[in-house]
Amino acid sequence: MAGVLSQAEIDALLNAIESEDISALPIDDGGGQIREFDFRTANRFNKEHIRTLKIVYDNFARLFSSYLSGTLRAMCSAEVVSVEETKYAEFVNALPSPLILAVVRMPPMTGSVLLEISPDLSYAIISRLLGGKPDKESVSRGFTEIEQVLLERIMRQFLPLFGESWEKVVGITTYLDRLETSPQFAQIVAMNETVAIISISVKIDDATGTFNICLPHLALEPINQQLTTKFLYQSSDSGDVFPMQDDIKKRIERTPLEISAFFNETLASVRDILNLQVGDVISLDHGVSQPLTLRVGHLPKFKVEIGTKDRRYAAKVTEIIQKEDANDE
């Protein structure tokens with residue numbers, strides 16, 4: 001088990017303490033990289049902020065994978081790999097080329113947020129949209145105007161998912177400002193500014209890529225107080241016990257449906273239909289005083305009388321059809 005000293009290491013430690021020879025202590029760096037730490041620069045994102053961002057973007061990754069699966073008609077998965085604090089200059093210097101950068105505004109956050117889609121993921125999305133398979137050789141070339149338009153369309157469609165993932169913390173709206181292919185034209189903050197980088201690993205069939213979200217600390221300052229798990233859980237526990245049920249009910253109630261009024265069916269031969277001329281009159285199998293059938297979608301729901309209201313055709317409900325005809329089901 002990592003972090004547990006062996007008996008030999010314990011004996012060497014005790015002997016070194018007795019002899020005050022610290023150089024004799026065995027040092028194991030774990031094979032990790034040594035990173036310089038600047039004590040003059042304090043962390044701008046505390047552990048609560050990082051934890052809340054992880055929860056928010058775990059939710060986004062789940063929504064994003066569902067969106068990609070439905071749009072691309074392929075098995076897609078997305079998972080948050082890391083949430084790290086770094087300098088904007090370090091993030092920009094690590095970006096590959098070519099790449100797609102989206103400058104997005106998310107009020108009430110101030111300034112802009114940067115979205116970076118790796119070339120592998122970009123070409124996998126484009127290939128699926130055009131009915132092909134990802135080509136590894138295409139990653140080394142730049143993006144054409146048509147490819148940029150396709151990616152911009154995809155981005156505009158999944159941007160509302162950010163609002164859904166943030167709704168338990170704060171209500172935000174997202175706007176795509178512009179699309180860039182070079183970090184030089186997409187600088188959103190000063191190079192020494194602190195940013196949080198959320199890295200999401202996305203898999204589309206056999207192709208894998210990364211989707212990075214760059215959140216400047218300045219952009220999150222207006223909502224700093226909400227970036228705590230305590231606030232997150234309090235806001236999620238408040239209100240109705242079944243918030244999702246009420247939300248689904250409201251969405252269903254606002255769903256538009258097509259309604260249409262129909263006369264009784266009238267039979268006619270093909271010869272009669274072909275011989276129809278302008279001015280001919282068709283006798284319908286429908287009485288003048290007989291009500292029409294109002295259908296919601298394809299199902300008959302009401303009996304109505306036709307009239308006018310405010311100089312427009314109108315239908316007055318006279319009877320509710322309780323049971324649908326078996327032929328219309």
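Remark: the N192-A89 segment gains 36.5 nm on full extension, using 0.36 nm per residue and subtracting the alpha carbon distance. Rank H298, A314, N264 by how far each Cα sits towards the positive end of the charge dipole of segment 259-328 (+1 on Lys, Arg Cβ; -1 on Asp, Glu Cβ) and give me just the farthest. Ranked along the dipole, the leading option is A314. Seen from V80, the other residues with C-beta closer than 13 Å to its C-beta sum to a net charge of 0, counting Lys and Arg as +1 and Asp and Glu as -1. In the neighborhood of L114, defined by Cβ-to-Cβ distances under 12 Å, what is the net charge if each Lys or Arg adds +1 and each Asp or Glu adds -1? Once all neighbours under 12 Å are counted, the net charge is -2.
The radius of gyration of the Cα set in segment 47-252, together with its Dmax, comes out at 17.3, 53 angstrom. Count Lys and Arg as plus one, Asp and Glu as minus one, and take only other residues whose Cβ is under 15 Å from that of A186; the net charge is then -3.
Using bins of 10 Å that start at zero, the share of Cα-Cα pairs per bin across segment 69-142 amounts to 15, 38, 35, 12, 0, in whole %.
Sparsely packed loop sites in segment 65-161 (the trypsin sites (Lys or Arg not before Pro) outside DSSP H, G, I, E and B with at most 12 other Cβ atoms within 10 Å) comprise R73, R141.
Each reported figure results from applying straightforward, stated rules to the coordinates on display, with no laboratory input. All values reported here derive from a predicted model rather than from experimental measurement. When we count neighbours, we look across all protein chains shown, and the Cβ atoms used for this are built from the backbone with ideal geometry, even at glycine.
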